[in-house]
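The values are calculated or read from the model by the stated rules, or taken from the named source; none is laboratory data. Source: prediction; values computed, not measured. Glycine gets a Cβ as well: all are built from the backbone with ideal geometry, and neighbour counts include every protein chain shown.
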Amino acid sequence: SQTIHQWPATLVQPVGSPLSLECTVEGTSNPNLYWYRQAAGRGLQLLFYSVGIGQISSEVPQNLSASRPQDRQFILSSKKLLLSDSGFYLCAWSVGTFRYYEQYFGPGTRLTVT
Amino acid sequence: AQSVTQPDIHITVSEGASLELRCNYSYGATPYLFWYVQSPGQGLQLLLKYFSGDTLVQGIKGFEAEFKRSQSSFNLRKPSVHWSDAAEYFCAVGATGFQKLVFGTGTRLLVSP
């Protein structure tokens with residue numbers, strides 16, 4: 001069966017510091033991968049998605065970037081964190097044509113920027 | 001562009017009572033519709049989905065949802081709520097040709113004894 005991992009689970013970082021969050025998927029090949037941010041009371045905001053290695057689509061202009069160096073690895077980064085980057089970051093995957101939109105989520109990373 | 005509205009931010013239901021969470025979507029063609037549940041500090045779990053066919057779909061944990069095209073709605077229901085159902089519930093819509101889902105802002109369910 002497929003599993004999705006995210007780390008770290010929690011992170012406290014000062015403003016201006018760099019960020020790297022990692023997501024990996026097991027048990028499937030060529031998944032579509034997604035990064036979401038969840039801020040209190042604002043639901044889920046899609047940040048990036050990727051349909052293959054090196055293919056990244058950005059949904060909103062922001063202080064973050066994403067990379068996909070391997071088929072089942074998705075990384076969210078920032079060179080300098082802002083206070084507004086605080087939130088709960090979720091990685092998700094989907095696979096297949098008909099099931100393109102059925103996404104499965106990881107456990108999330110709670111980021112607090114101080 | 002597609003959108004999803006969940007008009008209720010919070011709902012409180014007594015344990016054992018029935019539940020209905022509302023979801024309205026905006027999309028010109030037949031949508032793909034989903035309900036997810038999120039326990040505090042956790043990721044989202046897929047409860048059920050609608051792609052086509054029977055408009056009443058069954059999901060996990062005793063939940064069901066009904067797609068009503070005329071009302072652009074996909075409401076989630078459960079006949080008898082358990083305390084463990086307390087969580088946040090998200091409705092989402094996907095569209096043909098896109099790899100993305102659009103989520104509503106969620107409804108937080110509180111279950112009273």
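Taking A:Val51 and the conditions (1) buried (at least 17 other Cβ atoms within 10 Å of the Cβ); (2) hydrophobic (A, V, I, L, M, F, W, C); (3) facing chain B (nearest Cβ under 8 Å), which numbered condition does it fall short on, given that it satisfies the others?
(1)
All but one of (1) buried (at least 16 other Cβ atoms within 10 Å of the Cβ); (2) not in a strand (DSSP E or B) hold for B:Val57, so report the exception by its number.
(2)
Tell me, which residue of the range B:63-113 that is in a loop (DSSP other than H, G, I, E, B), closer than 26 Å to B:Thr30 by Cα and touching a residue at least 12 places away in the same chain (Cβ under 8 Å) is farthest from the other protein chains (Cβ to nearest Cβ)? Can you show your working first?
Looking only at the range B:63-113, we keep the residues that are in a loop (DSSP other than H, G, I, E, B), and these are B:63, B:72, B:79-82, B:86, B:95-100, B:104-106, B:113.
Okay, now just the ones that are also closer than 26 Å to B:Thr30 by Cα, so B:63, B:72, B:95-100, B:104-106.
Among the residues that remain, those that are also touching a residue at least 12 places away in the same chain (Cβ under 8 Å) are: B:63, B:72, B:95-96, B:104-106.
Numbers: B:Phe63: 16, B:Ser72: 18, B:Ala95: 8, B:Thr96: 9, B:Gly104: 6, B:Thr105: 4, B:Gly106: 5 Å.
It comes out as B:Ser72.
What do you reckon, is A:Ser58 closer than 28 Å to B:Leu33 by Cα and facing chain B (nearest Cβ under 10 Å)?
No.
Exactly one condition in (1) within 12 Å of the chain's Cα centre (by Cα); (2) within 13 Å of another protein chain (Cβ to nearest Cβ); (3) among the hydrophobic types (A, V, I, L, M, F, W, C) is false for A:Ala39; which is it?
That leaves (1) as the condition not met.
Counting residues that are surrounded by 20 or more Cβ atoms within 10 Å (Cβ to Cβ) and without any contact (Cβ under 8 Å) to a residue 60 or more places away in the chain, which strands (runs of 3 or more DSSP E) fully inside the range B:1-47 reach at least 2? Step through it out loud before you land on a result.
Values: elements: B:3-5, B:10-14, B:19-21, B:24-26, B:32-38.
Strands (runs of 3 or more DSSP E) meeting the threshold: B:32-38.
So, of the residues in the range B:62-78 that are within 9 Å of the chain's Cα centre (by Cα) and under 14 Å from B:Gln6 (Cβ atoms), which turns out to be surrounded by the fewest Cβ atoms within 10 Å (Cβ to Cβ)?
Looking at residues that are within 9 Å of the chain's Cα centre (by Cα) and under 14 Å from B:Gln6 (Cβ atoms), I get B:Asn75.
Please go through the range A:84-114 and pick out each residue that is at pLDDT 95 or above and more than 11 Å from chain B (Cβ to nearest Cβ).
Scanning the range A:84-114 gives A:Leu111, A:Thr112, A:Val113, A:Thr114.
So, A:Ser78, is that one among the hydroxyl-bearing types (Ser, Thr, Tyr), touching a residue at least 24 places away in the same chain (Cβ under 8 Å), more than 25 Å from A:Thr10 (Cβ to Cβ) and surrounded by 18 or more Cβ atoms within 10 Å (Cβ to Cβ) or not?
Working: among the hydroxyl-bearing types (Ser, Thr, Tyr): yes; touching a residue at least 24 places away in the same chain (Cβ under 8 Å): yes; more than 25 Å from A:Thr10 (Cβ to Cβ): no; surrounded by 18 or more Cβ atoms within 10 Å (Cβ to Cβ): yes.
So A:Ser78 does not fit the description; no.
Taking only the range B:17-61 into account, find how many residues are among the small types (Gly, Ala, Ser) and within 8 Å of another protein chain (Cβ to nearest Cβ).
2
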